[in-house]
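Student: This is the structure I want to talk about, given as C-alpha cells.
The values are calculated or read from the model by the stated rules, or taken from the named source; none is laboratory data. Quick caveat: nothing in here was measured; it's all calculated off a predicted structure. Because the Cβ atoms are built from the backbone with ideal geometry, glycine has one as well, and the counts that use them run over all protein chains shown. Calculation scope for accessible area: heavy atoms of the full protein, side chains included, ligands and nucleic acids excluded. Shrake-Rupley method; radii C 1.70, N 1.55, O 1.52, S 1.80 Å.
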Amino acid sequence: MNFNLPLNTDRLNKPRMNGVTMVLDKGLSIKETEFFLENAAPYIDFIKLGWGTAVIVPNLETKIKLIQSFGVDVYFGGTLFEIFILKNMFKDYISIVKKFNLKHVEVSDGTISIEHSDKCDYIKQLALDFTVFSEVGSKDEKVEFGIEKWVEMMEHEYAAGSQKLIIEAREAGNVGIYNDKGEVKTDLMEAILNKFSAENILWEAPAKSQQSWFIKKIGANVNLGNISPTEVISLETLRLGLRSDTLLHFH
Amino acid sequence: MNFNLPLNTDRLNKPRMNGVTMVLDKGLSIKETEFFLENAAPYIDFIKLGWGTAVIVPNLETKIKLIQSFGVDVYFGGTLFEIFILKNMFKDYISIVKKFNLKHVEVSDGTISIEHSDKCDYIKQLALDFTVFSEVGSKDEKVEFGIEKWVEMMEHEYAAGSQKLIIEAREAGNVGIYNDKGEVKTDLMEAILNKFSAENILWEAPAKSQQSWFIKKIGANVNLGNISPTEVISLETLRLGLRSDTLLHFH
Amino acid sequence: MNFNLPLNTDRLNKPRMNGVTMVLDKGLSIKETEFFLENAAPYIDFIKLGWGTAVIVPNLETKIKLIQSFGVDVYFGGTLFEIFILKNMFKDYISIVKKFNLKHVEVSDGTISIEHSDKCDYIKQLALDFTVFSEVGSKDEKVEFGIEKWVEMMEHEYAAGSQKLIIEAREAGNVGIYNDKGEVKTDLMEAILNKFSAENILWEAPAKSQQSWFIKKIGANVNLGNISPTEVISLETLRLGLRSDTLLHFH
C-alpha cells in the first residue's frame with residue numbers, strides 16, 4: 001500500500017486458496033508478459049494460456065518460466081485438453097504438461113462431447129500428478145443444463161479430485177453462469193453455493209459489472225477468472241473498495 | 001507532422017488551456033507507461049490515475065516522475081479524494097498530494113454524499129495550493145439531477161476556485177452527460193455552454209462517437225477526458241480531421 | 001508448432017496470396033510495435049497504418065522500417081489517400097509512398113466522393129508502381145449500395161489493376177458487409193464470391209464472431225483484415241481449429 005489508508009482488511013495475500021485472480025492470456029509476447037507482470041504479479045494467482053494459443057506462440061517455454069519466476073502459476077486452457085482428447089492423445093497431453101513443468105491442469109468439455117463418467121476418470125488420473133481444475137458449462141449459448149444437473153456434475157467432479165470448479169463464461173462473459181446480457185443467473189449461483197464452499201468455486205467474470213457483483217455478493221476473497229491483463233489492477237481495487245462500484249459496500 | 005499536408009490549423013499545441021486531452025490510467029506498469037508516452041506524450045496534457053489505483057500500483061513515485069518527465073501533468077482520480085473524505089482524512093490527502101509533488105487535485109462526489117457547501121469549501125482550501133478540477137455528476141446511473149441544479153452546482157464550484165469543471169461519464173461513457181446508450185444529453189450540454197466558457201469545461205468522452213460528436217459541436221480544441229491510452233493518437237486525428245468521422249467537417 | 005499435434009494442414013504459410021491477415025494499427029509506438037511483432041509477425045502479412053495516423057505518429061520512418069524488418073508489409077490507410085485527393089495532391093501522395101519505400105497502396109472512397117471512373121484511373125496509375133488494394137463501401141452506415149452496383153464497381157476496380165478488393169467494415173465492424181448488429185450480409189457476400197476468386201477479396205472482420213463466420217464459410221485461408229494487434233494469435237488459432245468457435249469445424 002502506498003498510503004497509510006485503513007482498508008477493508010480481510011483481503012488475503014498470496015499464496016491463498018481463496019480470493020484468487022486468474023488471468024486469461026490471449027497470446028502476449030515475452031516482453032508484453034514481462035512488463036505487465038512487473039506491475040500486476042502481486043495480484044495474480046494464475047495465468048491461463050487461453051484455449052490452444054500455447055500451440056502457436058513462439059518461445060512457449062521461456063514464457064512459462066518467465067511467468068513462474070514472478071510467483072504466478074500458469075496452466076493451459078481447457079480447450080487444449082479437449083483437442084488432445086478428441087485426437088485420442090490423453091497420454092501425450094500428460095507428457096506435455098509435465099514437460100513444461102506445470103502444476104495445474106484444466107479439464108473441460110465446453111466444446112466436445114465427453115461422457116461425464118469419462119470426464120471424471122480423466123480428473124481422477126490427472127489428480128495423481130497435478131492440481132486439477134475442472135470446468136462445467138458449455139461454450140455454446142444454445143446448450144443449457146438444468147440447475148440440478150449442473151450441480152450434480154460438479155459434485156461428481158469434486159469427488160473425482162477437482163480442487164476448483166470453474167464456472168464457464170468465455171472471454172465475452174455471455175454464457176454459462178450468465179444470460180445473454182451478461183447478468184448472473186442468481187438461482188444457479190445460489191444452488192452452487194448451497195452445495196460447495198466458495199473456496200472451491202472459481203467464477204469466470206470478464207466484465208467489471210460481473211466482478212463487482214460477485215465481490216458484493218460473496219466478498220473480497222471470491223475466486224474470479226478470465227480477467228483481462230489490463231483489468232488486474234482494477235479488479236484488485238474493486239476487492240479493496242477503492243473503486244466506486246464497491247466503495248460504499250466496504251466502508 | 002510527417003508530411004507537408006495543410007491541415008485544420010486552429011489546433012493548439014501544448015501547453016494550452018483549451019483543447020486538452022486527459023487520459024485515464026487504469027494501472028499501467030512503469031514500462032507500459034514509458035512505451036506508451038514515447039509516442040503519445042505530445043498529445044496528452046493530463047494523466048489521471050483512475051480512482052484508487054494509486055494506492056496499490058507498485059513504484060508509484062517512479063511512475064509519477066516518469067509521467068512528469070514527459071511533460072505531462074498527473075493527478076489522482078476523484079474517487080481517491082472521496083475515500084479520504086469518507087475517512088475524515090482530508091489533511092492526510094493534502095499531505096499525500098504534496099508529497100508526490102502533484103500540481104492538480106480533483107474534487108468529486110460521484111460516489112459518497114457530501115453537502116454541496118462542504119464540497120465548495122474543500123475546493124476553496126485546495127485552491128490555495130493546487131489547481132483544482134471538480135467533477136459534477138453521479139457515477140450511479142439512477143441518480144440524476146435536473147439541468148438547473150446541475151448548472152447551479154457548477155457555478156458554485158467555479159466560484160469556489162475550480163478551474164476546470166469535469167462532466168462525469170465514467171470509463172464506460174454511459175452516465176452523467178450521456179444517456180444509457182452513450183448519447184450526449186444535448187439540452188444539458190447547451191445549458192452548460194450558455195453559462196461557461198468551453199475552456200472551463202472538460203467533457204469525459206471515452207467512446208469515439210462521443211469524441212467526434214464534441215469535436216464537431218465545439219471544435220478541435222474541446223477539452224476531452226477519460227481517453228484510453230490506446231486511443232490518444234486516434235483522438236488527435238479526429239481533432240485534425242484525419243479520420244473519416246471528422247474529415248469532411250474540417251475540409 | 002510447439003507440440004506434435006496433427007492440425008488442419010491446409011493452412012498456408014507466408015509468403016502467401018491467400019489466407020492473409022491484415023492488422024489495423026491505431027498508432028502504436030516503436031517499442032509497442034516491436035514487442036507485439038516479436039510474437040505475432042509470423043502470422044501477419046500486412047499492417048495498415050489506420051486512416052491519417054501516419055501524419056502524426058513520431059518516428060514514422062523508423063516504425064515502417066521496423067515493421068518491414070519483421071517480414072511484414074506495411075501501407076497507409078485509404079483515408080490518407082482520400083485526404084490527398086481532396087486537396088488535389090495526388091502526385092504528392094505518390095512521392096510520399098515512394099519516399100517511405102512502401103510497396104502497397106490502398107485506394108478508397110469511403111469518406112469523400114470520387115467519380116468511380118476517376119477512382120479507377122487512380123488505381124491504373126498507381127498500379128504502375130505499386131500493388132494496389134482498393135476498398136469498396138462507405139464508412140457512413142446511411143450510405144448503402146445495391147448488390148449489383150457493388151459487384152459492378154468491384155469488377156471495374158479489378159480490371160483497373162486492383163489486386164485485392166477490400167470489403168469495408170471500419171474498426172467497429174458495423175457497416176459495409178455487415179448490418180448494424182455486425183452480422184454478415186450473406187446475399188452480398190455470395191454475389192461477390194460468384195464473381196471473384198476468394199484470393200482477390202479481403203474481408204474486414206474486426207470481431208471474433210465475424211472472423212469465425214468467414215473461416216467456417218470460406219476456409220482457413222480466407223483473407224481477413226482490420227484485426228486488432230491483440231487478436232492476431234487468437235485469429236490464427238481460429239484458422240487452425242484451436243479455439244472453440246472453429247474446433248469442431250476442422251476436426
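Student: Distance between the C-alpha centers of region B:67-94 and region A:112-129? Whole Å please.
Tutor: Centre-to-centre distance over Cα atoms comes out at 52 Å.
Student: Quick one: 3J(HN,Hα) in Hz for region B:174-182, Karplus 6.51/-1.76/1.60 with θ = phi - 60°, rounded, Gly and Pro as x.
Tutor: 10, 9, x, 6, 10, 7, 6, 8, x
Student: Provide a whole-number value for the mean count of partner chain Cβ atoms within 10 Å of the Cβ atoms in peptide A:223-233.
Tutor: The per-residue average across the peptide is 2.
Student: Let me ask something else about it. Residue by residue through C:19-30, how many Cβ atoms from other chains fall within 10 Å of the Cβ on average?
Tutor: 3
Student: When DSSP assigns beta bridges and you keep just the ones with both residues in region B:31-165, what percent turn out antiparallel, to the nearest 5?
Tutor: 0
Student: Also, quick follow-up: To the nearest 0.05, what FRET efficiency results for residue B:179 and residue C:87 with a Förster distance of 41 Å applied to their C-beta separation?
Tutor: FRET efficiency, residue B:179 to residue C:87: 0.60.
Student: Using the Cα centre as the reference, give the magnitude of the dipole from point charges on the C-beta atoms of region A:12-151 (Lys, Arg: +1; Asp, Glu: -1; all else neutral), rounded to the nearest 20 debye.
Tutor: Result for region A:12-151 is approximately 400 debye, rounded to the nearest 20.
Student: Let me ask something additional. Report the charge-dipole magnitude of the protein assembly as shown in Debye, nearest 20, computed about the Cα centre from +1 at each Lys and Arg Cβ and -1 at each Asp and Glu Cβ.
Tutor: 1660
Student: Could you tell me the center-to-center distance, by alpha carbons, between region A:1-31 and region B:165-226 in angstrom?
Tutor: Cα centres, region A:1-31 to region B:165-226: 34 Å.
Student: Convert each backbone phi in region C:118-127 into a coupling constant with the Karplus relation 6.51 cos²θ - 1.76 cosθ + 1.60 (shift: θ = phi - 60°), then list the ³J(HN,Hα) values in order as whole Hz, x for Gly and Pro.
Tutor: Once θ is set to phi - 60°, the couplings for region C:118-127 become 5, 4, 5, 5, 4, 4, 4, 5, 5, 5 Hz.
Student: When each copy gets a label point 7 Å from Cα toward the beta-carbon at residue A:140, what are the spacings between them in nm, shortest first?
Tutor: Nearest to farthest, the other copies are at 4.3, 4.3 nm.
Student: Can you tell me how much longer the chain between residue A:159 and residue A:131 gets when fully stretched, taken as 0.36 nm per residue apart minus their C-alpha distance, in nm with one decimal?
Tutor: This chain segment gains 8.7 nm when fully extended.
Student: Nearest-5 percent of antiparallel DSSP beta bridges in chain A?
Tutor: DSSP beta bridges in chain A are roughly 5 percent antiparallel.
Student: Could you run the Karplus curve 6.51 cos²θ - 1.76 cosθ + 1.60 with θ = phi - 60° over region A:221-231 and give me ³J(HN,Hα) per residue in whole Hz, x for Gly and Pro?
Tutor: Those phi angles translate into 9, 6, 7, 10, x, 6, 7, 5, x, 7, 10 Hz.
Student: Compute the FRET efficiency between residue B:197 and residue A:60 as 1/(1 + (r/R0)^6), taking r as their Cβ-Cβ distance and R0 = 56 Å, and round to the nearest 0.05.
Tutor: Given R0 = 56 Å and the Cβ-Cβ separation, E is 0.50.
Student: What distance in nm lies between label points placed 7 Å from Cα along the C-beta direction at residue B:13 and residue B:228?
Tutor: 3.0
Student: Is it possible to state the helix-based mean residue ellipticity at 222 nm for the protein assembly as shown, with each DSSP H run of 4+ residues giving -39500 (n - 2.57), the sum divided by total residues, to the nearest 500 deg cm²/dmol? What is it?
Tutor: After summing the helix terms and dividing by residue count, I get -12500 deg cm²/dmol.
Student: At a Cα cut-off below 16 Å, give the aspartates and glutamates reachable from residue C:31, other chains included and same-chain residues fewer than 8 away excluded.
Tutor: A:32, A:34, B:32, B:34, B:38, C:61
Student: Now a separate question. Sort B:203, B:51 by accessible area with a 1.4 Å probe, largest first.
Tutor: Output order, biggest surface exposure first: B:51, B:203.
Student: Further question: May I ask which residue of A:176, A:210, A:237 lies farthest towards the positive end of the charge dipole of region A:167-251, with charges of +1 (Lys, Arg) and -1 (Asp, Glu) on Cβ and the Cα centre as origin?
Tutor: The listed residue farthest towards the positive side: A:237.
Student: Moving to a separate point now. Counting DSSP beta bridges in the protein assembly as shown, what percent are antiparallel, to the nearest 5?
Tutor: Around 5 percent of the beta bridges assigned by DSSP in the protein assembly as shown are antiparallel ones.
Student: Nm distances between the label at residue A:103 and the same-position labels in the remaining copies, 7 Å along Cα→Cβ, shortest first?
Tutor: Going from nearest to farthest copy, the values are 4.9, 4.9 nm.
Student: Taking residue B:42 in one copy and the same position in all the others, each labelled 7 Å out along Cα→Cβ, what are the pairwise distances from the first, in nm, shortest first?
Tutor: Copy-to-copy label distances for residue B:42: 3.7, 3.7 nm.
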